Amino acid sequence: MKSILKISLSIAFLFLLSFQATAQTSKYKCMLQMSNYMGEGAYIVVSLVNAKGEYVKTLYVMGDDKKWYKTLKEWHKFYSKKPENISAKTGASVTGGDRSITTIEIEDAKINKGFKLRFETSVEDHKYYTSDLEIPLTTEGIAAKTEGKNYIRYVRLNKI
């Protein structure tokens, strides 16, 4: 009888662990408008960062040539320590004045918990910006149009 109880409890525990592992996520259409700068296409990384500004996860990379990833200095430090297959999260770089529309997934549990989306930018032979734009992951922050500081003119998110 005790062994049946142990087996039942073990199965229930494993079921609860697997249920927690599948975090609820929502998809957002991310519309990014670049400012009118002269030069090559910008490499842009969209990262989830915590309240301390530490990288948690790479959400999207605009620019698919890996040899240029090291120009995104702060993100590359994170990426080098915890390399992941980001091929499903990459797209073309974006040039001055262009617009990019992509889809990103954000865990619902991260909303209103102090997290931010960081847009880090690098352009060949131009200045690098660790935080060209940051969007607070709050209900209000996600709904607002957020102005960039350098290569990015603005970003707008819409839940799909």
Looking at region 124-132, can you tell me whether even one residue there is under 26 Å from Gln24 (Cβ atoms), of a type in the set (Asp, Glu) and in a strand (DSSP E or B)?
no
For region 44-79, enumerate the residues that are in a strand (DSSP E or B) and either out of contact with any strand residue (DSSP E or B) (no Cβ under 9 Å at 6 or more places or on another chain) or basic (Lys, Arg) (or both).
Lys57
Output for region 140-160, where each listed residue is charged (D, E, K, R) and either more than 22 Å from Lys27 (Cβ to Cβ) or buried (at least 17 other Cβ atoms within 10 Å of the Cβ) (or both)
Glu147, Lys149, Arg153, Arg156
Counting only residues that are part of a strand (DSSP E or B) and either out of contact with any strand residue (DSSP E or B) (no Cβ under 7 Å at 6 or more places or on another chain) or among the aromatic types (Phe, Trp, Tyr) (or both), which one in region 26-43 is surrounded by the most Cβ atoms within 10 Å (Cβ to Cβ)?
Tyr43
Scanning region 76-129 for residues that are in contact with a helix residue (DSSP H, G or I) (Cβ under 9 Å, 6 or more places away or on another chain) and acidic (Asp, Glu), which turns out farthest from Val45 (Cα to Cα)?
Glu124
Taking into account only those residues within region 84-139 that are surrounded by fewer than 16 Cβ atoms within 10 Å (Cβ to Cβ) and among the hydrophobic types (A, V, I, L, M, F, W, C), which is farthest from Ala51 (Cα to Cα)?
Ala92
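Being within 13 Å of Glu134 (Cβ to Cβ), buried (at least 18 other Cβ atoms within 10 Å of the Cβ), in contact with a helix residue (DSSP H, G or I) (Cβ under 9 Å, 6 or more places away or on another chain) and modelled with pLDDT of 95 or more is true for just one of Val46, Val61. Which residue is that?
Val46
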Options Glu105, Glu84: the member that is among the acidic types (Asp, Glu) and without any contact (Cβ under 8 Å) to a residue 60 or more places away in the chain
Glu84
From the list Glu54, Glu107, Glu120, which residue is under 13 Å from the mean Cα position of the chain (by Cα), closer than 16 Å to Gly148 by Cβ and of a type in the set (D, E, K, R)?
Glu120
Suppose the filter is of a type in the set (Val, Ile, Thr) and closer than 17 Å to Glu54 by Cα; does Ile142 pass it?
no
Quick check on region 80-95. Is at least one of its residues part of a strand (DSSP E or B), of a type in the set (Ser, Thr, Tyr) and modelled with pLDDT of 95 or more?
no
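The values are calculated or read from the model by the stated rules, or taken from the named source; none is laboratory data. Values in this document were obtained by computation on a predicted structure and should not be read as measured data. Here the Cβ is made from the backbone with ideal geometry for all residues, glycine too, and neighbour counts use every protein chain on show.
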